[in-house]
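Encoded as structure tokens, the structure appears first; notes follow it.
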2 protein chains.
Amino acid sequence: MVATVYEERARVFKALCDERRQKILELLQGGEKCACVLIEEMGMPQSSLSYHMKILCDSGIVTGREDGKWTHYQISRQGSEKAVSLLKEITAVTETGGCRSCCGT
Amino acid sequence: MVATVYEERARVFKALCDERRQKILELLQGGEKCACVLIEEMGMPQSSLSYHMKILCDSGIVTGREDGKWTHYQISRQGSEKAVSLLKEITAVTETGGCRSCCGT
DNA sequence: ATAACATATTGACTTTTTTCGATGTGACAG
DNA sequence: CTGTCACATCGAAAAAAGTCAATATGTTAT
């Protein structure tokens, strides 16, 4: 399975689309937290949290640190910056000016 | 219908998740284009393009300029910058340091 | 007014994502 | 080794998003 550049980008932005994942990010803004705390603060079943943490980690925006039976999650500075530059890249305009393509201005 | 802050944000990032919308943005990086050209360059049916353009415009990242029977689309500098600051806001960490929540470091 | 054109909307359908109980896996304590 | 705990994965069902032909809306030319 070869991921296209589009899939790569989508992985990052999809992580930010979901309401629950946004709330998780808010919680992590206060610093590193372990899964058990997130489960409690989010009020969601363990399997659901695990599902969302996987998506957040796969996007690179969050990193997980395993510590024995616990896993601690935190926002990744590097991943966030990567996301910002991706976004800037995608929305950069190389040429300005009116439509020259088919019809009048 | 009241949109939460989460829905507002999701609208922006969802616009970037779809492969076809990413390709449309790429095309618009070269400058303003009208729908008929996008349909041709994307090789997609008119109703599908219209669907995606609505999502892009609703996100604020693209703006449509109506000109008689044509509509010209372009990437919005303002919308893109808004998206970037949203992303920075969401991933900003207010406190750093280990997990103080439940278990040891 | 009528026809031709550009785009938007609808509706039926397919695909993808999310949800969560059940089960699996690996870590630690006794 | 056995039980318990923390987390991951599976599987089936529900919800959301995407696709596109058909149809509606609005614009321009005649």
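Table for the structure above
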quantity: Residues located in region B:18-76, provided they are charged (D, E, K, R) and under 23 Å from residue A:5 (Cβ atoms); calculated: B:18, B:19, B:20, B:21, B:23, B:26, B:33, B:40, B:41
quantity: Residue A:56 vs. criteria away from DNA strand C (no atom under 13 Å from the Cβ) and on the phi < 0 side of the Ramachandran plot; calculated: no
quantity: Long-range neighbours under 7 Å by Cβ, at least six apart or interchain, first residue open to solvent by 70 Å² or more (accessible area, probe 1.4 Å) within region A:67-78, second within 13 Å of DNA strand D (Cβ to nearest atom); calculated: A:70/A:34; A:70/B:103; A:74/A:32; A:74/A:62; A:74/A:63
quantity: Selection count where residues are over 13 Å from the mean Cα position of the chain (by Cα) and within 7 Å of another protein chain (Cβ to nearest Cβ), scope region A:66-96; calculated: 10
quantity: Selection count where residues are more than 7 Å from chain A (Cβ to nearest Cβ) and within 18 Å of residue B:64 (Cα to Cα), scope region B:4-18; calculated: 3
quantity: Residues within region B:19-36 that are open to solvent by less than 50 Å² (accessible area, probe 1.4 Å) and more than 7 Å from every other protein chain (Cβ to nearest Cβ), tallied; calculated: 5
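The values are calculated or read from the model by the stated rules, or taken from the named source; none is laboratory data. Remember, it's a predicted structure, so these values are computed and weren't measured experimentally. Ideal geometry is used to build each Cβ from the backbone, glycine not excepted, and the neighbour counts take in all protein chains shown. For accessibility, only protein heavy atoms count, side chains too; no ligands or nucleic acids. Shrake-Rupley method; radii C 1.70, N 1.55, O 1.52, S 1.80 Å.
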